[in-house]
Amino acid sequence: MLKKIAEELISRADVKAYYMPQDYESRMNMDETPVEFLAETDNKAETGRDRTFLRSMKFTSDEMFHPIKELSGGTCMEKRRELFGDFVKTAA
């Protein structure tokens, strides 16, 4: 039910909404790195901001460039941090 409500709200131009699913794989390409996941373009300035943002979320430089599926064995916590990062960046 919550997913259907979120889909409706996200599709509206007059509302800013975000949905964090329980099955993270439905929103993430597990072969991407955290930097790739957050990237909207290949702009170096944006990549720098994304790396700074990931550091603020306690990602190490090494973790930023490993596929998400390899982070702590692809644990839920790492995936949750990555999706939360996407949420914060989207909401900004």
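What is the packing order of peptides 32-41, 60-69, taking the mean over residues of other C-beta atoms within 10 Å and listing the highest first? If you can, show how the numbers build up before the last one.
Working: 32-41: 16.4, 60-69: 14.5.
Ranked from most to least packed, the peptides come out as 32-41, 60-69.
Aspartates and glutamates near Lys4 by alpha-carbon distance under 16 Å, same-chain residues fewer than 8 away left out - which ones?
Asp23
Modelled label-to-label distance, Glu7 and Thr60, 7 Å Cα→beta-carbon offset: nm?
According to this spin-label approximation, the distance is 4.0 nm.
Run the quick spin-label model on Lys44 and Arg27: label points 7 Å from Cα toward the beta carbon, then report their separation in nm to one decimal.
Spacing of the two 7 Å Cα→Cβ label points: 3.2 nm.
We did not get these values from a lab; they are worked out from the coordinates using the rules stated. Just so you know, these numbers come straight off a predicted model, no measurement behind them. Note that we place each Cβ from the backbone using ideal geometry, even for glycine, and neighbour counts take in every protein chain shown.
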